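Structure first, then comments.
The values are calculated or read from the model by the stated rules, or taken from the named source; none is laboratory data. Not measured: the values here are computed from a predicted model. So basically every Cβ, Gly included, is an ideal-geometry build from the backbone, and we count neighbours across all protein chains shown. These area figures cover heavy atoms from the full protein model, side chains too; ligands, DNA and RNA do not enter into them. Shrake-Rupley method; radii C 1.70, N 1.55, O 1.52, S 1.80 Å.
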Amino acid sequence: MNMNDNKTALIPPYGGKLVNLTVSSEEMEELKAYAANLPTLRLSERALCDLELLAVGGFSPLDRFMGREDHRRVLDEMRLAGGHLFPIPITLPVDLADNGIRLDRDIALRTRKNELLAVMTVEEIYEWDHDEVARQVLGTQDVRHPLVAEMHGWGKHNISGRLRVLNLPVHYDFQALRLTPAQVRARLEAFGRRNVVAFQTRNPLHRVHEELTKRAAASVDGVLLLHPVVGMTKPGDVDHYTRVRTYKALVENYYEHDRVALALLPLAMRMGGPREALWHALIRRNYGANHLVVGRDHAGPGEDSRGKPFYGPYDAQELVARHEDELGVKALPFRMMVYLPEEDRYEEVSKVPPETPTASLSGTQVRDHYLNKGKALPAWFTRPEVARILGESYPPRHKQGACIWFTGLSGAGKSTTADVLTVMLMEHGRQVTVLDGDVVRTHLSKGLGFSKEDRDTNIRRIGFVAAELVRHGGVVICAAISPYRATRRDVRNMVGSDSFVEVYVDTPLEVCEARDPKGLYAKARAGAIKDFTGVDDPYEPPHDPEITLDTVHATPQGNAQRIIDYLTDLGFVRAPELVSDSH
Ligand code: ADP
Ligand code: ADP
């Protein structure tokens, strides 16, 4: 390791030097005080990611949200006004209405929680055209493209101007891996190798990725920069907490430690296919890489509304290859690899045999796998440590939470049935919490009455608690009259429709009134209590409950069994013969 040896010097940043927009500590105090009186612009999650990468030089030589000329040329030619390649517009769109943004004035850029990030001098305000940007940059106006859809909600003007950054967005997770371009460069230099192969990813890595990244780095005798995106990826991807845990496990256990560096990139992806691939190459150059693995359909957003991929499978590789000399980053094609079970090894193929999994699994696929199979991914496909972490984040249904929501008149049989169901669920190994109407009213909702507003509040409180319990993997049984359809619908949405089972206890009013277990109907008829459901307050029966129970002809036990059967079909409860199978 000799840092003065020219042979091991890393490629310099694009444009010669890293942009750094952070103000000096002397300037800091004064600027902070000054910012306190400026109009505020709160940044979207995307703008926050962009600002961070602008500030640390990830987008060098770009040093601001793009002005009109940069923007024009980026759309038409993939170049900044000064001539440097830059394929993706980095803009700050705003709604001009009443936010104090004026030409030649300073504004304070802040997070949604009002934390001060930067002072921006508004040097340009210009209109942009959604359809033009969509067409030129993304090659489509189809709203199935996530960014095309998102851009419809952006402000109609872009603003640009000098940025003075006071604070970078703070990240409290995986702090040791959140490295700026300068920090990554320092790490890479310590390896003493000139070649650095960056690997971009937004998915968990499987065995083929491991093979591929190792081979790619070895092919140029370089270091691997494992550089996953943790800013914004495609909606539905595996969340970054889960992914980063898997990357750490892989690097720790399966890569040679003098050949790999892991760092997180707070990039907001655009899912822009070829242009995005070129952008990824440019960004990685700033972090010190001179190679980028570019896969089939790199940064592609899936299929359009006609069921066709948005971009050709090799468009991204070709576009990067065409600019590799100018950019100083060479595209290493991601060859398809398949596993040969007889030989227990992986091989590159040009055409993948049908039904051979090669690439990564999306969040939906991972979830489906664990939901349907309830088993770990096979070892030839995923390292056991990775499979275990994915399995924890995507537990099978019988370890996921569920809410059984009883609704019906007072005396219909909600509590009676819920009590039987509770015992049966516990027999099946589930943890159960019962939020019974009467009990809730002595604790959670003590003091609330039976007016429309109070009932609504009561049900929403129950819904809030139920949603939290479900999120943490518990089964919660709610048994309140919950007479209003709209409130029940809101509660269903709070919990999540996939985990919500509405059980309508459909006992006729005359039967409830004849039962009158608490003597309340008699009191209501006598006018001793008011707003009693069915007497002088309406009950709105559900239109589409998952289950409707008859308590006149069926017993509490028979009804509870019906619910168990339903939950078993969905997988929330395991059929008894499977209980000994696995965990
Ligand atoms: P809710 O919780 O809906 O207000 P409860 O469960 O407290 O109603 O009261 C229902 C009453 O009806 C109980 O006294 C129960 O014994 C009686 N009952 C009679 N048959 C049934 C049945 N098949 N299912 C549930 N309860 C029944
Ligand atoms: P809701 O879902 O409308 O808030 P709850 O299920 O919380 O109703 O009601 C709990 C219990 O309070 C009922 O089972 C019944 O025993 C009693 N109750 C319901 N309505 C009234 C009322 N208007 N006045 C007095 N007690 C009531």
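Among the candidates Val495, Val465, Val501, Val475, which residue alone is at pLDDT 95 or above and over 21 Å from Gly571 (Cα atoms)?
Of Val495, Val465, Val501, Val475, the one residue that is at pLDDT 95 or above and over 21 Å from Gly571 (Cα atoms) is Val465.
Any residue in the range 187-198 that is open to solvent by 10 Å² or more (accessible area, probe 1.4 Å) sitting within a Cβ distance under 6 Å of a residue that is of a type in the set (Gly, Ala, Ser) and modelled with pLDDT of 95 or more? List the pairs, counting only those 6 or more apart or interchain.
Correct list of pairs: Arg187/Ala261; Arg193/Gly222; Asn195/Gly222.
So which residues in the range 358-373 are in contact with a Leu (Cβ under 9 Å, 6 or more places away or on another chain) and either assigned by TED's automatic domain parsing to the domain that holds Ala466 or assigned to a loop (DSSP other than H, G, I, E, B) (or both)?
Ser360, Leu361
Any idea which of Arg388, Arg460 is more than 15 Å from ligand 1 (Cβ to nearest atom), open to solvent by 50 Å² or more (accessible area, probe 1.4 Å) and over 18 Å from Val491 (Cβ atoms)?
So the residue among Arg388, Arg460 that is more than 15 Å from ligand 1 (Cβ to nearest atom), open to solvent by 50 Å² or more (accessible area, probe 1.4 Å) and over 18 Å from Val491 (Cβ atoms) is Arg388.
Only helices (runs of 4 or more DSSP H) wholly contained in the range 468-563 count here; list those with 2 or more residues that are open to solvent by less than 30 Å² (accessible area, probe 1.4 Å) and touching a residue at least 12 places away in the same chain (Cβ under 8 Å).
Working: elements: 485-495, 509-515, 520-525.
Those helices (runs of 4 or more DSSP H) span 485-495, 520-525.
For the range 101-121, which positions are open to solvent by 20 Å² or more (accessible area, probe 1.4 Å) and out of contact with any helix residue (DSSP H, G or I) (no Cβ under 7 Å at 6 or more places or on another chain)?
Arg102, Leu103, Asp104, Arg105, Asp106, Arg110, Arg112, Lys113, Asn114, Glu115, Thr121
So which residues in the range 73-83 are in contact with a Phe, Trp or Tyr (Cβ under 7 Å, 6 or more places away or on another chain) and surrounded by fewer than 24 Cβ atoms within 10 Å (Cβ to Cβ)? Don't jump to the end; show me each part of the working.
Kept after step one, since they are in contact with a Phe, Trp or Tyr (Cβ under 7 Å, 6 or more places away or on another chain), are these residues of the range 73-83: 74, 78-80.
Correct list: Met78, Arg79, Leu80.
Just name the residue that is nearest to Val505 (Cα to Cα) out of those in the range 435-453 that are small (Gly, Ala, Ser) and within 16 Å of ligand 1 (Cβ to nearest atom).
Gly437
Does any residue of the range 334-351 turn out to be under 23 Å from Gly231 (Cα atoms), aliphatic (A, V, I, L, M) and either open to solvent by 30 Å² or more (accessible area, probe 1.4 Å) or not assigned by TED's automatic domain parsing to the domain that holds Pro61 (or both)?
no
How many residues, within the range 24-35, are free of Cβ contacts under 8 Å to residues at least 24 places away in the same chain and of a type in the set (A, V, I, L, M)?
1
Anything in the range 472-529 that is more than 14 Å from ligand 2 (Cβ to nearest atom) and among the polar types (S, T, N, Q)? List them, or say none.
Those that are more than 14 Å from ligand 2 (Cβ to nearest atom) and among the polar types (S, T, N, Q): Asn493, Ser497, Ser499.
Could you list, in sequence order, the residues of the range 423-434 that are among the aliphatic types (A, V, I, L, M) and either within 12 Å of ligand 1 (Cβ to nearest atom) or surrounded by fewer than 17 Cβ atoms within 10 Å (Cβ to Cβ) (or both)?
First, pick out the residues of the range 423-434 that are among the aliphatic types (A, V, I, L, M): 423-426, 432, 434.
Residues satisfying the conditions are Val423, Met426, Val434.
Output the residues belonging to the range 280-299 that are open to solvent by less than 10 Å² (accessible area, probe 1.4 Å) and in contact with a Lys or Arg (Cβ under 8 Å, 6 or more places away or on another chain).
Scanning the range 280-299 gives Tyr287, Gly288, Leu292.
Would you say Pro169 is surrounded by fewer than 20 Cβ atoms within 10 Å (Cβ to Cβ), in contact (Cβ under 8 Å) with a residue 40 or more places away in the chain and under 30 Å from Ala35 (Cα atoms)?
Here the answer is yes, as Pro169 does meet what is asked.
Quick check on my filter: what residues within the range 420-441 are part of a helix (DSSP H, G or I) and more than 10 Å from ligand 2 (Cβ to nearest atom)?
Answer for the range 420-441, where residues must be part of a helix (DSSP H, G or I) and more than 10 Å from ligand 2 (Cβ to nearest atom): Val420, Leu421, Thr422, Val423, Met424, Leu425, Met426, Glu427.
Can you name the condition, by its number, that Val439 falls short on among (1) modelled with pLDDT under 95; (2) open to solvent by less than 50 Å² (accessible area, probe 1.4 Å); (3) not hydroxyl-bearing (Ser, Thr, Tyr)?
So the condition that Val439 fails would be (2).
For Pro395, only one of the following conditions fails: (1) surrounded by fewer than 22 Cβ atoms within 10 Å (Cβ to Cβ); (2) in a helix (DSSP H, G or I). What is its number?
The number of the failed condition is (2).
Would you pick out the residues in the range 45-72 that are under 22 Å from Leu103 (Cβ atoms) and either surrounded by fewer than 18 Cβ atoms within 10 Å (Cβ to Cβ) or of a type outside the set (A, V, I, L, M) (or both)?
Across the range 45-72, the qualifying residues are Asp50, Asp63, Arg64, Phe65, Gly67, Arg68, Glu69, Asp70, His71, Arg72.
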